[in-house]
Every structure is written in structure tokens, then in C-alpha cells.
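What follows is a short report on a single structure.
The values are calculated or read from the model by the stated rules, or taken from the named source; none is laboratory data. On a predicted model such as this, the values are computed, not experimentally measured, just so you know. Please note: Cβ atoms are built from the backbone with ideal geometry, for glycine as well, and neighbour counts cover all protein chains shown.
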């Protein structure tokens, strides 16, 4: 993984018991989606990233998060953002959102405006 992206490590130790991967059953949809997305070739997306500003989230993590949330009927970018913030100490832990937190590798991407996200036509594939 390029060092230009925020590190996304689902096996990282956390302050709660166990690690992120251990929070869910082995056959959970979140694990399946992460496995499928990790096998995708995202080099075309990563290659067009120009840098600047804060480090971005890895494309594979964002794709997995979108796929999982869409499969769960969560389409709003603000709801996706809240769903990945299950570990926010300022708010209540929402156990129904733990899969999204696992998919997002413990991060809470700010998804303020989907219009800011790249569109499929923005990338040329060879």
C-alpha cells in the first residue's frame, strides 16, 4: 500500500478486548465484502491521486465501506459517517454499527459531500 494513504489495518490492537476482526462472526457480510474488495485492482484510482492536504483514506477501505453500507440500506453519506463512528467516546456505542467500524478499520471517514467523491468517468482504465 502506498504511504500516501491513511493506514488501514483491521488487525490493529485496540483499547477494547480483542481486535477489530474478532468483533464479528467469521461468516459476517462485512468480512466477505472486505475480502472481495481487497482482491480488486485499484491502481488506476490510486495513480490519479495528486496529493496535497491531509492524507486520504485508502480507496479499498472506502469501496468496502460503501458496498457494505449500500448492502445494509444505508445510502446517506452522513448516515455512513455516523455508522463508522461507533467507537466515538463522545457518543454512545452503537453495536449495530460495529460491522461498519470493522470495514472502516476503526476510522470514521468524513463523508460530508458525495459530490466531492470521484465519479466512475473520472478514471481511465486500460
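Figures for the structure shown
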item: Subset tally (residues that are closer than 22 Å to residue 11 by Cβ and outside any helix (DSSP H, G or I)) for the range 34-74; result: 7
item: Top-ranked residue in the range 36-58 [being in contact (Cβ under 8 Å) with a residue 40 or more places away in the chain and within 11 Å of the chain's Cα centre (by Cα); ranked as nearest to residue 76 (Cα to Cα)]; result: 57
item: Only listed residue being farther than 21 Å from residue 28 by Cβ, at pLDDT 80 or above and loosely packed, with under 13 Cβ neighbours inside 10 Å, chosen from 76, 54; result: 76
item: Filter result (out of contact with any helix residue (DSSP H, G or I) (no Cβ under 9 Å at 6 or more places or on another chain) and modelled with pLDDT of 75 or more) within the range 6-21; result: 7
